[in-house]
Amino acid sequence: MSAANWRGAMNVEPRAHGAPARAVPARAAGAPPTARPRFKNPVRVRHLLVLAFLLAYPWFSTPFFTYQIGAQALALGLIALSLTFLGGFGGMISLAQMTVAGIAGYMVAIFGTAATDGVSLGWPWWLAVLIGIVLATGAAAFIGWLSVRTEGIYTIMITLAIGVAFYYLVLQNYAIFNGFQGEQKVFPPTLGGIYWRDPTPFYYLTLFWALAGYLFVVYLLRSPFGIALQGIRDNPRRMHALGFNVTAHRVTAYAIAGAIAAVGGVLFTWYNGLVTPGSVGTSWLINILIIAVLGGMRHPVGAFLGAIVFVLLQNFAIDVFDRERFNLVIGVVFLVIVLFSRDGLLGWWSALSVRLSTHRGETRWRSARGRLYAR
Amino acid sequence: MEISKGTVVRTLAVILVVAAFTAGAFAQAPPVKIGLLATLEGPFAAGGQDGMRGAELAVRQRNGVVAGRKIEIVKASSDAKPDVAVNATRKLVEQDKVDIMVGPLSGSEGIAVKEYSKTQPNTTFINGSSGAQATTLSSPSPNFFRFNTDGGQWMVGVGKAALDKGYKRVMVIAEDYAFPYSQVQGFMTEYCKLGGKVPVKAWVPLGGKDYASVIARIPKDVDALAVVLGGADAVNFLNQYEQAGGDKPLIGGSITVSQDILNYKGKRRDSLVGTIAGSPIADAYEAPEFKAFVADYKKNFPDGYPSPSLFALVYYINMKATLDGLDLVKGDLSDGQKKYRDALSKMTLKTPVGDVKLDANRQAIGTTFITEVVKDAQGNLHNRVLKKIDNVNQTLGMSPAEFKIGSRDEPNCP
């Protein structure tokens, strides 16, 4: 595929009727469109309230809640966000998102510093992180390239296969990945006199990247690329007939999701202080899917909602049901949410807001239109 | 406003109840909160459950009260993964605000929790049953105590016993993490020194299900297999080895022939008879303290095993140390628990299997049993005591300079 053709595929501006695709002037992918009508200022009071809450959170919570609940949920949410983006807006459910995150974590340990002698190269942390994210993004693009020609359950199967293959690779390779023990003591750097693994600094670090990832995805979904991606999700054949390169869009979506998962993976590795085969095992591959589905895949915020519920359950289910069977609580809550809501927690939220606004006398149609990403 | 009789009665009742509670609280010192972590999930779920029983037994023997302070246990679970163990511990220490932390169960978890304990100087950490050498041997934490001997100490004397049985060449099959490294080190150090050979070592992942490739690698000319696998892994291996027609005698790791394994129902079970192993516990140990412990375990946990497992004993020992230490200082945990830690470091702990003292790294010096599996009249498998070795220290009698922590390649005698 030629470069011009590829750029043409990324360009979703309505083309002049009859003009062949090649004649369209090439434009950089993702450049902000000029002629498109802008949305009204989307910032609402509730957004500011949530932001203020998130910023103030470490000041009124304990270090435990800041670190183990807050920071962990944000880091996991970021990884799940990549799946929400891929699955909710690209129509591709990839189980390999934790694999991509794990690749980034492993690369940070291998190129940076970890406890294992003879494995880590000891390069500066920023270089290691950069390499980790770039390699993980490349790996994600590769996974995408392998799996985009499949649909539905076959995408799940092929990405699961890739995830499991990577799990066994890191489990059985000692020269690079150090086998079952994995890479231990992978910590964020001390920078500007702050040790970034202390609860409050680490929380703000994850919050920054979670917000950045969230805003990026929200922006991207309104960009020509995002609109085209959603078009492809809904009707790939029609988009193809309209002249869009479906495969290129999908692979690009995988790469973008990979970059988001990679950032989340670096943060999650720093959070745990280690990355082991257990971090990329099937249970985590599926946990990411659970988080995304639990929160709801219709809006990027769902990933973070799901992560909060998931982390709270993991920590406190044993208190609710103090016996050997506390995992039952986790399972039951998941079942209840998925059974009674078509779209996770977000589904409940929108059902609630529809009900409230119809009470206020608005029509269902108007309140539904207020929601941006309604299918 | 009209006040009915019912309201008055209810109000009075509430006041009475509140008063009773406040009075009760004032009458007694505040409870001591103890966090208890074991693996209730993953490959050691059965062992973790029994470990919890052992710890509970120690609390019940004191009726839940030490030096006038009530003992409150807060439980948590992990799945033998170090990150999960640290998350669970962090929750107990920082969220549930426990005074003392008892756990975890597995080797790599122990190393991770020890590292975490350095960041929480106001909490005292006491081991559960984790037995990796590195936990207390390399960069020990000032507030981490281990009243059980480690995986290396548990295998002292097995090398000699294996040679006595005529096993001159042995293949090692062990899980690939810190605890089996320690066990293999304890066995091979002695075995190699006395002239034994270990031509092949197979390290398999913890929680692995398929042992076909390992079984295929067993050389024809080895006399026995040293199998250091635990929980579900050991059962899986034994089943598959049986199906493959294997007939080599076994040398067991400490948790390969623990009570939870001896109770499994496979056909290969009978071929376990004759297996020698090193362990901190021997079911058939005749000392009255141990018999009393077993009887107490059976009485308290009718749904438990016929005889307490290694995990039950070791969790019991560590929880007993926790409570005995509290008793020594009359429940005084003030001043960053300094007095309590001093008492722990100095005390001689009475356990069902003999006295335990701590060394300078707060690591136990204690007893190891060499055992052999036998079948009793009821058809239950038991460990018979071949030999009892007292006062085994962490460096196995070597000087610290001479002693090397076990790893995949250390020791080596092909």
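The values are calculated or read from the model by the stated rules, or taken from the named source; none is laboratory data. All figures in this text were calculated on a predicted structure; none of them were measured in a lab. Positions of Cβ are backbone-derived with ideal geometry, glycine not excepted, and every protein chain shown enters the neighbour counts. Heavy atoms of the whole protein, side chains included, go into the accessibility calculation; ligands, DNA and RNA do not. Shrake-Rupley method; radii C 1.70, N 1.55, O 1.52, S 1.80 Å.
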Can you name every one of the strands (runs of 3 or more DSSP E) wholly within the range B:338-414 that holds 2 or more residues which are among the charged types (D, E, K, R) and either out of contact with any strand residue (DSSP E or B) (no Cβ under 6 Å at 6 or more places or on another chain) or without any contact (Cβ under 8 Å) to a residue 24 or more places away in the chain (or both)? B:354-358
Specify the residue that is least open to solvent (accessible area, probe 1.4 Å); the eligible residues are those in the range B:95-130 that are in a loop (DSSP other than H, G, I, E, B) and of a type in the set (Lys, Arg). B:118
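Residues checked against (1) open to solvent by less than 30 Å² (accessible area, probe 1.4 Å); (2) within 14 Å of another protein chain (Cβ to nearest Cβ):
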site	(1), (2)
B:191	yes, no
B:194	no, no
B:202	yes, yes
B:206	yes, yes
B:209	no, yes
B:212	no, no
B:221	no, no
B:236	no, no
B:242	no, no
How many of the residues making up the range B:341-356 are surrounded by 16 or more Cβ atoms within 10 Å (Cβ to Cβ) and either under 23 Å from residue B:290 (Cβ atoms) or touching a helix residue (DSSP H, G or I) at 6+ places or on another chain (Cβ under 6 Å) (or both)? 9
Yes/no for residue B:249 being at pLDDT 90 or above and more than 20 Å from residue B:368 (Cβ to Cβ): yes
Exactly one of these conditions fails for residue A:300: (1) touching a helix residue (DSSP H, G or I) at 6+ places or on another chain (Cβ under 6 Å); (2) within 14 Å of chain B (Cβ to nearest Cβ). Give me its number. (2)
Among what's in the range A:59-76 and is buried (at least 17 other Cβ atoms within 10 Å of the Cβ) and over 19 Å from residue B:119 (Cα atoms), pick the residue that is farthest from the chain's Cα centre (by Cα). A:70
Within the range B:134-145, of all residues that are more than 14 Å from every other protein chain (Cβ to nearest Cβ) and out of contact with any Phe, Trp or Tyr (no Cβ under 9 Å at 6 or more places or on another chain), the one least open to solvent (accessible area, probe 1.4 Å) is B:140
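Matching residues to (1) at pLDDT below 90; (2) farther than 21 Å from residue A:271 by Cα; (3) more than 12 Å from every other protein chain (Cβ to nearest Cβ); (4) out of contact with any Gly (no Cβ under 7 Å at 6 or more places or on another chain):
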{"site": "A:120", "(1), (2), (3), (4)": "yes, no, yes, no"}
{"site": "A:130", "(1), (2), (3), (4)": "no, no, yes, yes"}
{"site": "A:145", "(1), (2), (3), (4)": "no, yes, yes, yes"}
{"site": "A:150", "(1), (2), (3), (4)": "yes, yes, yes, yes"}
{"site": "A:163", "(1), (2), (3), (4)": "no, yes, yes, yes"}
{"site": "A:168", "(1), (2), (3), (4)": "no, yes, no, yes"}
{"site": "A:192", "(1), (2), (3), (4)": "yes, no, yes, yes"}
Could you grab the pairs with beta carbons closer than 7 Å, sequence gap of 6+ or different chains, first residue in the range B:53-68 and in a loop (DSSP other than H, G, I, E, B), second one of a type in the set (A, V, I, L, M, F, W, C)? B:62/B:323; B:64/B:71; B:67/B:326; B:68/B:29
Going by what's in this entry, would residue B:247 be described as touching a helix residue (DSSP H, G or I) at 6+ places or on another chain (Cβ under 9 Å), surrounded by fewer than 24 Cβ atoms within 10 Å (Cβ to Cβ), within 14 Å of another protein chain (Cβ to nearest Cβ) and part of a loop (DSSP other than H, G, I, E, B)? no
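From A:270, A:284, A:209, which residue is within 14 Å of another protein chain (Cβ to nearest Cβ) and touching a Leu at 6+ places or on another chain (Cβ under 9 Å)?
Result: A:270 is the single residue among A:270, A:284, A:209 that is within 14 Å of another protein chain (Cβ to nearest Cβ) and touching a Leu at 6+ places or on another chain (Cβ under 9 Å).
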Going by the conditions given, is residue A:175 of a type in the set (A, V, I, L, M) and either free of Cβ contacts under 8 Å to residues at least 40 places away in the same chain or within 14 Å of chain B (Cβ to nearest Cβ) (or both)? yes
What's the number of the only condition in (1) away from every other protein chain (no Cβ under 14 Å); (2) in contact with a Ser or Thr (Cβ under 9 Å, 6 or more places away or on another chain) that residue A:70 fails to meet? (1)
Residue A:327 - would you say it is without any contact (Cβ under 8 Å) to a residue 60 or more places away in the chain, open to solvent by 10 Å² or more (accessible area, probe 1.4 Å) and over 20 Å from residue A:167 (Cβ atoms)? yes
Name the residue that is nearest to residue A:177 (Cα to Cα), counting only residues in the range A:121-138 that are assigned to a helix (DSSP H, G or I) and open to solvent by 50 Å² or more (accessible area, probe 1.4 Å). A:135
Which condition does residue A:100 not pass, out of (1) touching a Gly at 6+ places or on another chain (Cβ under 7 Å); (2) under 30 Å from residue B:97 (Cα atoms); (3) of a type in the set (A, V, I, L, M); (4) away from chain B (no Cβ under 14 Å), if it passes all the others? (2)
Qualifying position, being without any contact (Cβ under 8 Å) to a residue 60 or more places away in the chain, away from chain A (no Cβ under 13 Å) and either in contact with a strand residue (DSSP E or B) (Cβ under 7 Å, 6 or more places away or on another chain) or not hydrophobic (A, V, I, L, M, F, W, C) (or both), among B:81, B:165, B:160: B:160
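Looking for something assigned to a helix (DSSP H, G or I), free of Cβ contacts under 8 Å to residues at least 40 places away in the same chain and open to solvent by less than 10 Å² (accessible area, probe 1.4 Å) - is there at least one such residue anywhere in the range A:299-317? First the steps, then the outcome.
Of the range A:299-317, the ones assigned to a helix (DSSP H, G or I) are A:301-317.
Next, from what is left, pick out any that are free of Cβ contacts under 8 Å to residues at least 40 places away in the same chain: A:309, A:313-314, A:316-317.
With open to solvent by less than 10 Å² (accessible area, probe 1.4 Å) added as a condition, the list becomes A:317.
So far as the range A:299-317 goes, yes, one or more of its residues are assigned to a helix (DSSP H, G or I), free of Cβ contacts under 8 Å to residues at least 40 places away in the same chain and open to solvent by less than 10 Å² (accessible area, probe 1.4 Å).
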Condition first: among the hydroxyl-bearing types (Ser, Thr, Tyr) and either buried (at least 17 other Cβ atoms within 10 Å of the Cβ) or in contact (Cβ under 8 Å) with a residue 12 or more places away in the chain (or both). Can you find one or more residues in the range A:182-201 that meet it? yes
